[in-house]
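Engineer: Just passing along the structure, written as structure tokens.
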Amino acid sequence: MRFDVITLFPEMFSSIKDEGVIARGIKKCLLSINTWQLRDFSNNKHRNIDDASYGGGAGMVMQVQPIRDCINKIKQTSPNTKVIYLSPQGEKLTHKLAKELSTLDSITLLCGRYEGVDERVIAHDVDMEVSIGDYVISGGELAAMVLIDAISRQIPKVLGNQDSLNDSFANGQLDYPHYTRPEIIDGQQVPEVLLSGHQAKIDAWRQNQAINNTQKKRKDLVKK
Ligand SMILES: C[S@@+](CC[C@H](N)C(=O)[O-])C[C@H]1O[C@@H](n2cnc3c(N)ncnc32)[C@H](O)[C@@H]1O
């Protein structure tokens, strides 16, 4: 999977490129993340990419020209890339959406700042808007990193031998509880079945716990 990220803050992405699951995916050549500094596509000497909003009001708006030129540049080497604008107004990110997007070869992520982008970018250059939730954050970068991580975990072999099949939401329910050494701490004991070595019993216990967890914490999933 190739990710191209259009941003005013490319350095923010070093946190996922250099550490953890995504860094390992990059090392294994299963992923690539190319960042594009939007100011490099400005056509004025001050490298501005935003201007005041027509109609007045506080806050600047990101202009069409630099964004369009940057997307066109990316499309020279990835003509079929799906262009996603991170936006609180977009389709809400879910496990299902991340899984669907993980089947693509190339995704371009447009990170907004200020009041967002000129609406003509959304109408003409963007294929889809994605939201990470019903709240507003200050820029699309954190949202893009959430999306990259959620998608990357669904790409075969990115997680290595770590198993995401039982992760919360993968089967419409939450994960089961996990325990590690020591067996007893401050009087709290690991459930005995997990020490039994009887895999069928352990699997049944975990399935039961996953259902209980879902009923207790996320009744909305049970209804679905
Ligand atoms: C301050 S926000 C602009 C919000 C915009 N005025 C609105 O109310 O719809 C700046 C940028 O942060 C990003 N952003 C903010 N909240 C987001 C969310 N929930 N999901 C994805 N991106 C978000 C978008 O890229 C947006 O252009």
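The values are calculated or read from the model by the stated rules, or taken from the named source; none is laboratory data. In this text the structure is predicted, and so the values were computed from the model without any measurement. Every residue, glycine among them, receives a Cβ derived from its backbone with ideal geometry; neighbour counts consider all protein chains shown.
Engineer: When you go through Glu129, Glu141 one by one, which is the residue that is free of Cβ contacts under 8 Å to residues at least 60 places away in the same chain, assigned by TED's automatic domain parsing to the domain that holds Pro88, among the acidic types (Asp, Glu) and touching a strand residue (DSSP E or B) at 6+ places or on another chain (Cβ under 6 Å)? Working first, answer last.
Structural biologist: Numbers: Glu141 fails: free of Cβ contacts under 8 Å to residues at least 60 places away in the same chain.
Every option except Glu129 fails the conditions.
Every residue, every condition in (1) in the same structural domain as Leu110 (by TED's automatic domain parsing); (2) under 26 Å from the mean Cα position of the chain (by Cα); (3) over 18 Å from Gly139 (Cβ atoms), yes or no:
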position	(1), (2), (3)
Thr35	yes, yes, no
Leu38	yes, yes, no
Asn43	yes, no, yes
Arg47	yes, no, no
Ser53	yes, no, no
Gly57	yes, no, yes
Pro66	yes, yes, no
Ile71	yes, yes, yes
Ile74	yes, yes, yes
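Engineer: Next question. Looking only at segment 99-142, count how many residues are more than 6 Å from the ligand (Cβ to nearest atom), surrounded by fewer than 18 Cβ atoms within 10 Å (Cβ to Cβ) and either closer than 28 Å to Gly25 by Cβ or aromatic (Phe, Trp, Tyr) (or both).
Structural biologist: Summing the residues that are more than 6 Å from the ligand (Cβ to nearest atom), surrounded by fewer than 18 Cβ atoms within 10 Å (Cβ to Cβ) and either closer than 28 Å to Gly25 by Cβ or aromatic (Phe, Trp, Tyr) (or both) in segment 99-142 gives 11.
Engineer: So, in segment 18-34, exactly how many residues are over 24 Å from Val126 (Cβ atoms) and assigned to a helix (DSSP H, G or I)? Lay out the reasoning, then the answer.
Structural biologist: Just the residues of segment 18-34 that are over 24 Å from Val126 (Cβ atoms), to begin with: 18-21, 23-30.
Subsequent filtering for residues that are assigned to a helix (DSSP H, G or I) retains 20-21, 23-27.
Counting residues in segment 18-34 that are over 24 Å from Val126 (Cβ atoms) and assigned to a helix (DSSP H, G or I) gives 7.
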